[in-house]
Structures are given as structure tokens and as C-alpha cells.
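Reading through the C-alpha cells given below for one structure.
The values are calculated or read from the model by the stated rules, or taken from the named source; none is laboratory data. Since this is a predicted model, take the numbers as computed values, not measurements. Cβ: placed from backbone, ideal geometry, glycine included. Neighbour counts: every protein chain shown. When the accessible area is computed, the model is the full protein with side chains, heavy atoms only, and any ligands, DNA or RNA have been set aside. Shrake-Rupley method; radii C 1.70, N 1.55, O 1.52, S 1.80 Å.
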Amino acid sequence: MNPEQFFAASRLVIVAGKGGVGKTTVSATLARAAALSGLSTLVVEVEGKSGLPTMFGQRALGYDETVLSRGGGPAGAADVRARTLTADGALLEYLRDHGLSRVSNRLVSSGALDIVATAAPGIKDILLLGKVKQLERAGVADLIVLDAPAAGHAITFLQSARSLLDSVSVGPINAQARDVLELLEDHERCQVVLVTVPEETPVNEAVETAFSLEDRVGVGLGPIVVNGVYPELPGMTADPVAAAAAAGVSVRGGEAEALAAAAAFRRDRTSLQADQVGRLADQLPLPQLRLPFLFTTGIGPTELDRLAHAFLAQVDVLAGLPL
Amino acid sequence: MTDGNDGSAGVADFDKLVRDRRIVVCCGSGGVGKTTTAAVVGLEGARSGRRTVVVTIDPAKRLADALGLAGLTGTPSRIEGDWPGELWATMLDTKSTFDDLVAKYAATPEQAERILANRFYRNISGALSGTQEYMAMEKLYELHEESDFELVVVDTPPTRNALDFLDAPRRLSRFLEHRLFRMLVAPSRGVLKAVNVAAQTFLRTVSRVVGGDVVQDAIAFFQAFEGMEEGFRMRAVRVNELLAAPETAFVLVASPRQDTVEEAHFFADRLREAGIVVQGLIVNRVHPSFTDALPEALAARADTLDGTDLGGLYRNLADFEQVASREHEHLAGLADAVSPAPLAWVPFLRSDVHDLVGMAEVGTHVFTRSPG
């Protein structure tokens, strides 16, 4: 499969995974990779506190769109834009668009949304998803990447449409929930990309989440992204002294020990990772896209481009696999 | 981190914390190993001879099994083991904790029943943000005040808004005292008719958006709740007092990744603003360092030797030294921010912690006790 086909599978990609697995990193990577393939991309963030702008070397996001990376240049890349959606903001907009602007400010400023949200759980989620649906319908970008809320909340979040149809049987919220459900269930409009890391608990949770999402929400699952995989390196099983001899140089005693210890550590972790990646493949019949572990503790534009290129190379390898 | 640079000078202080405090709250962002850390602290409490209970929020399945929490239960269950104290564990059951609280403050059993049966109330535990945090603190208070545990260790929920749990009790009482609430119950209170009419108009609009049933449920809930706000508010005040009391210690749990270190800074600041001093910093999953050589020098060597086995070995060492030195920089700043709190760096372990042996192993990096 080539990147164009991958990104053409659906306009909306929802990125989901538990906290700490690099969900936002993957959202940014997907967006950047799409932009490098010439597709204009909008990243939508809903938690209000995101490392996303830093990855693009930019400052904070707001409810209105910000350009994270400008397209053009010799490579012909497209723009990556981003915005943070809030339930309050989406509600205000919704009420305004539906001729209810007179009450809208009061409803939000009085904190009534909290009470309404308690009366009908999922209402905030549906306001956010309703807005995403509107963006998808309007075709504001070639690709829309939704960085979904973390942890088990992703399931509740995506299930909100179905739950609300039960508790709110009439009116505009009901209509909104119907539209959102239609979007989520239409695999040509929307797919979920799960993110995990090659470790025991995150793999277990990814498997559970995948089945819940398919069974309870009915969304289509795209490839699963395994983030933080140690890249292969030559010489990991070589003896440093022998390797030095082969290279025609010498190493100090202490340095040889350090080289051997670091190589042993990497072998251990690599084999643990391989076990978990294998277990994930056994338990979840989804194509895997693996992103390399970056030996930096933060991600900026340079690291992001490395990830985006690694991602595109992986997508190329997915040839022939069904989405 | 090489030896002598791992905060080990402070390790004895964690022993002291577990021996002397009555409450240890483990806080930090999601995915940093908070639940495991809470279990490790609890185990140490039992090993130092105290009757200890660990309240966890959402343990991974195998850890839950190890803690005897296979079936969801709001009642502590005892974990048998070879230690002088006692180790109990319980999983936070938000709904039943809230139900108990309603029963406690209802004027009559009928009032409690009316509330518990209300659909709006049943949604509160799942939908009102901060409820889980509030109930975690409520459970802590209840276990501290109303049972004879000597040490209560609590895990905090991985919340969207980092320190919701500090604010949660206040937040719920604010919700209950909301002026909309006043409006909703106004008809039964005989407030001026003009106000009432405005309220009704407003409610009609809300009904148009979300449906009438929803609004009726909410009104019924607030009417049923009338008179209980004061009890809830007083309780919230006492819970907050306990959190700030000298017998309570907040331990910040973090991982060395840049984003989680930033969040940990944010936590430390917010706690300080709330008048709470961080009493310990535990950092999980710290990368090892293998040499004193500089990562840049190692990387240069790897470049020269590119394509050979030795080049690979140098690249690998350079990679890990780079991670270790970056982590060290980030953590040094965090250690300063919580100074003079004791620090413990827990290295990457061979596998996930999911039994008492694994918990004891983590313990060796936090406490001075031997693993045996």
C-alpha cells in the first residue's frame, strides 16, 4: 500500500490509546506524514493540554485554528493545522447555529452545561464529536486527525453517541448523536488508529480496547501503531574487544565493559519488546506500524520528521494488507 | 544514572515516611506507575509492622490479582504474607462510596432512597467530572477516621486536570450549591414569582435542546437533595484539612520523559499553592548509565566506525548515554523543585510488576530494606 492509499482510506482518523504510550506523538506523526505526502491536515485535540504544538516548534493551541507547519517548499508538502475543541466552545457554536444564541452565553457562563452534562452523560463528548463531524462533512482538510482522550475514556467517548440515543430520545442532541454514530460506523469516512508500546500492560489494554471499540462502538480499526520499538543495530552480540580487533582499533578495558553492558541491556529490552509485539500480533489481527524509540526525551520538529519518514516507510511495507 | 547520583542519600527518608505518617497520597500524571508505586509503599508499610491499607483506582489485571482484588470490591481484603504488619487492599468503588455518603447525610432513609433511585444521581458518579477524585479522597478520609488502619496509602486517578482531587470536594459542594440549583428548587421555596418565570423560560430552552425528561430528572434530584448540602460541605472541609495535616504525606510519582517531568513540575507547583509540601519524589523507569564518557564523544566514535560491529556497539552506548544524560538534566530540575524531599530513582525493570516479588524489587530502590 502506498501512503496516498493509506490516507485515502478515510478522511477522519481517530488516534486512541492509554496515557503515556505516545498518542499525541503518533497524532503529530500521522499529520506530518500526510502533509509530507501532499495532503492538507488538521489535528483536533480535545483535552486542552497537549504537547502537540511543541513537537512542531510552536506555542499553545486555541479553539481557532493554528498553522503548525507550513506547506510548500521543494518537497511540495501541505499545511498541518491544529485546534483545541472544548465542549463549551462547541456548545456555544451549536446554539448559535441553531438560532438559540440568546440563551447560549447564559447556558455556558452559568455552568449549566455541567448540570446538563450530568443529566445526560456523554453530552460533552457528543458536542465535541458533533463538531468533528461538522469539520469532516465540510471537508476542511484532506485528513483530519483526532487525538482522542486517554485511557478507558476513549471507549466512553466514542460510545457517547449510542448511549445518548437511549437517554435523549428527541431534539437536536438526538439528531447530533445519530449523525455522529453514522460517521463512526462508516468505515469509509472514519477509522481508529490504536497506539500502544511493546510492553505487557499496554499491549493487554490495546487488545481489550480494540475489541471493545469494534463490538461496542462499531468503528473500523486501521493499523495499530506500536510506538517506541528499539531500532536494529549491528554488533549487539559482538564482543567489544574482538569487534575492536576486527576494526583495527583498540578500546580501553572500562570502555569495553560499558559497551558490553549497554549491548546486553539493549538485547534484553529488544527481546522483551519482540515478545510483546509477537503477542500483540497473535491476539490482534491488525497490521502493525512500528515507530522507532527515539533516544531523546523530548520531541521537536527534527524528531517529528524522523518519525514521519519512518511512518511513511512502514506504510509502504504494508502493501497488500487490507485496512 | 551512575552510582551516587541516584538520590540514594534520601532513601532512609522514605523508610521514615512509611513508619511515621498515617496517610500517603501517591500523585502524578497517567502512565507513570502510580498504582504500582502505591502498592509498593503499602507493602513496605506492612513490612515495617503497620496495619496498612492500599486504595487503588484502576490496577492492571495481574497487579489486581496479586493484591487479591480479582472481584471489584469496595471493602478492603487482606493479603497474607510473611511480614510483621498487615497488608490490606481495596479498589475504589466510586458509586458505592457516594451511596454511603448520601445515606450518611440524608435526614431520613426515605430521602436517601429518593436520591439513590434518581436517574440524574445515578449519572453523577460516571459523568460529573471530579467525582472519582472526590470519592478517592472521601474513601481515604473514611478509612483514616472510621477504621483502625495505621497507614492508608492512596493512588490518585489519572485525571485530565492534574490536581482535580484537591479541588474535587469543594467542586462538588459548589455544584450542589449552584445558583441553578437554587433556581430549580425555587418553586417549592416560594421565591418571587418573577424569578420563577425567568427560570422556567430558561429551563424550557434547555429542554428544547436536551429533552424534557433530562431536565425533570435534574430538578427531582436537586429537590431530593435539599438540606443535605451543609453536611456535604462540612465533610469536604474536613477532608481538605486532613490532606493538609502533618500526618499526611504527598509523594509525587513521575517518569523521566520530558512531558511527564513537565507535568510533575506543574503538580509540585499546584500542591505548593494549596499549602501542601511534597514529601517525596519517586521516578520510575529511569534509564541506566554505563559510563562516564560523554554521549557526544561516543557518537563521534560511532560515526568514525560506522558500518562495523564496534560502530554499532558505540552507537548503542551513545544512544543510552544520551537518554540517561537528558533524563538526568530533567530530573535534576524536578529534584530542585521539590527539595528537600527525598528522591528515589527506580530503574527500568526486566518486566512489568505484577506480583509481590516484583513489588519488593521496586521497594529495594525506594527503601533501605533488603528484598528478602
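The spacing between segment A:8-84 and segment A:259-276, judged by their C-alpha centroids, is 32 Å.
Please state the relative contact order of segment B:286-367 as a whole percent: Cα pairs under 8 Å, 6+ residues apart? Write out the running numbers ahead of the final one.
Details: 64 pairs, mean separation 25.5, N = 82.
Here the relative contact order equals 31 percent.
Can you show me the helix-derived [θ] at 222 nm for the protein assembly as shown, built from DSSP H runs with n ≥ 4 at -39,500 (n - 2.57) apiece and divided by the number of residues, rounded to the nearest 500.
Working: 29 runs with 380 residues, N = 695.
After summing the helix terms and dividing by residue count, I get -17500 deg cm²/dmol.
Peptide A:253-260 is shielded by partner chain Cβ atoms: per residue, an average of 5 of them sit within 10 Å of its Cβ.
Straight-line cross-link partners of B:Lys104 among the aspartates and glutamates, defined as a Cα under 19 Å from its Cα and at least 8 positions apart when in the same chain: B:Asp93, B:Glu113, B:Glu138, B:Glu142, B:Glu145, B:Glu146, B:Glu177, B:Glu226, B:Glu229, B:Glu230.
For segment A:207-233, the residues whose backbone nitrogen is under 14 Å from a point 7 Å from the Cα of A:Asp166, taken along Cα to Cβ, are A:216-217. Buried area at the B:A interface is about 5300 square angstrom, summed over both chains, from accessible surfaces computed with a 1.4 angstrom probe. Please sort by residue number the GluC sites (Glu not before Pro) in segment A:181-248 whose DSSP state is loop and whose Cβ has at most 12 other Cβ atoms within 10 Å. Counting only loop positions with at most 12 other Cβ atoms within 10 Å, the GluC sites (Glu not before Pro) in segment A:181-248 are A:Glu188, A:Glu232.
Using DSSP to call loops (not H, G, I, E or B), can you name the trypsin sites (Lys or Arg not before Pro) in segment B:320-372 whose Cβ has at most 13 other Cβ atoms within 10 angstrom? Please list the in-between numbers first.
Details: sites: B:Arg326, B:Arg350, B:Arg369; in loops: B:Arg350, B:Arg369.
Answer by residue number: B:Arg350.
Taking the solvent-accessible surface of protein heavy atoms with a 1.4 Å probe, what is the per residue accessible area of the protein assembly as shown in Å²?
40
Per-residue packing, averaged as other Cβ atoms within 10 Å, sorts the ranges A:282-288, B:219-225 into the order B:219-225, A:282-288, beginning with the highest. Share of carbon and sulfur in the accessible area of the protein assembly as shown stands at 50%, probe radius 1.4 Å.
At a Förster radius of 41 Å, what calculated FRET efficiency corresponds to the Cβ-Cβ distance of B:Ser147 and B:Lys16, to the nearest 0.05? So, using R0 = 41 Å, E works out to roughly 0.95. For the residue pairs A:Lys131/B:Lys139; B:Lys16/B:Lys95; A:Lys23/B:Lys139; A:Lys23/B:Lys34; A:Lys18/A:Lys133, alpha carbon separations beyond 26 Å are given by A:Lys131/B:Lys139; B:Lys16/B:Lys95; A:Lys23/B:Lys139. The antiparallel fraction among DSSP beta bridges confined to the protein assembly as shown stands at about 10%.
For chain A, the relative contact order works out to 25 percent when only alpha carbon pairs closer than 8 Å and six or more residues apart are counted. Across peptide B:228-241, the average count of Cβ atoms from other chains found within 10 Å of a residue's Cβ is 0.
Here each label is just a point 7 Å from Cα along the line to Cβ, and for A:Arg279 and B:Glu226 those points are 5.7 nm apart. Between the amide H of B:Trp88 and those of B:Thr52, B:Val53, B:Val54, B:Ile79, distances stay under 5 Å, these residues lying 5 or more places away or on another chain, with hydrogens modeled in the peptide plane.
The amide H of B:Ala341, built 1.01 Å from its N in the peptide plane, has no neighbour under 5 Å, considering only residues 5 or more places off or on other chains.
Spin-label pair B:Thr205-B:Ala297: with each label point 7 Å from Cα along the Cα-Cβ axis, the two points sit 7.1 nm from one another.
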